[in-house]
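Heads up: the structure comes next, in structure tokens.
The values are calculated or read from the model by the stated rules, or taken from the named source; none is laboratory data. Keep in mind that what you see is a predicted model, and the values were worked out from it rather than measured. Cβ coordinates were reconstructed from backbone atoms using ideal geometry, including for glycine residues, and neighbour counts include every protein chain displayed. These area figures cover heavy atoms from the full protein model, side chains too; ligands, DNA and RNA do not enter into them. Shrake-Rupley method; radii C 1.70, N 1.55, O 1.52, S 1.80 Å.
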Amino acid sequence: MQLVVKEMDDIFAEEILNWSYDAPYDFYNNEFSVDARSELLNNSYFAILDQQEELIGFFCIGESAKVPNGTYFNAYPQDYLDVGIGMNPMFTGKGLGLLFFSYILNHIREVHGPCPIRLTVAAFNTRAIHLYEKLGFVKEMEFCQKDIVFKTMIRKLPK
């Protein structure tokens, strides 16, 4: 599967905000709102499309990739590039996660150069955590927001 990064636009944002995940991943469902749309269009989100230009997923970098409450717990102290990802629910659980996230990490390296990367994931999402571990991420810390435990995971630069 060939993937390509595109700038986030209104059409991609609207599609993403209407995605519906099955339980327990329904935690990641969004409600369409002007604020949610504006967040996706804040220039830190990017769409990932396949060769047929179907929306496979998205990623974001920087502040948009952080869980707001994590700052209160000092979850983001080091100088890492934060990344967040979301995959179209039509493609989750089908073995495409490694290709999808590897592509994103390679794109980030091409744009930003080699840099240490951090992500935040809901602790119940063992499927995603397993993927991140395969790609060299290790748990850094945990914190809670609204009864949900989150983990930060980091991938340092090789020495």
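A few notes on this one:
- Positions within the stretch 19-38 being open to solvent by 30 Å² or more (accessible area, probe 1.4 Å) and within 23 Å of Phe124 (Cβ to Cβ), in sequence order: Ser20, Tyr21, Asp22, Ala23, Pro24, Tyr25, Asp26, Phe27, Tyr28, Asn29, Asn30, Glu31
This table checks each residue for (1) surrounded by fewer than 16 Cβ atoms within 10 Å (Cβ to Cβ); (2) free of Cβ contacts under 8 Å to residues at least 24 places away in the same chain; (3) farther than 23 Å from Asp10 by Cα.
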{"residue": "Leu41", "(1), (2), (3)": "yes, no, no"}
{"residue": "Ile48", "(1), (2), (3)": "no, no, no"}
{"residue": "Gly84", "(1), (2), (3)": "no, no, no"}
{"residue": "Lys156", "(1), (2), (3)": "yes, no, yes"}
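- Tally, over the stretch 17-39, of residues that are in a helix (DSSP H, G or I), in contact (Cβ under 8 Å) with a residue 24 or more places away in the chain and charged (D, E, K, R): 2
- Checked against the criterion of being over 13 Å from the mean Cα position of the chain (by Cα), of a type outside the set (Lys, Arg) and buried (at least 16 other Cβ atoms within 10 Å of the Cβ), the candidates Phe124, Phe101, Phe137 yield just one match: Phe137.
- Residue under evaluation Glu14, criteria (1) under 20 Å from Val67 (Cα atoms); (2) modelled with pLDDT of 95 or more, criterion not met: (1)
- Filter result (under 21 Å from Cys144 (Cβ atoms) and either without any contact (Cβ under 8 Å) to a residue 12 or more places away in the chain or assigned to a helix (DSSP H, G or I) (or both)) within the stretch 50-81: Glu63, Ser64, Ala65, Pro68, Asn69, Gly70, Thr71, Tyr72, Phe73, Asn74, Pro77
- So Glu14, is it among the acidic types (Asp, Glu), free of Cβ contacts under 8 Å to residues at least 60 places away in the same chain, out of contact with any strand residue (DSSP E or B) (no Cβ under 8 Å at 6 or more places or on another chain) and outside any helix (DSSP H, G or I): no
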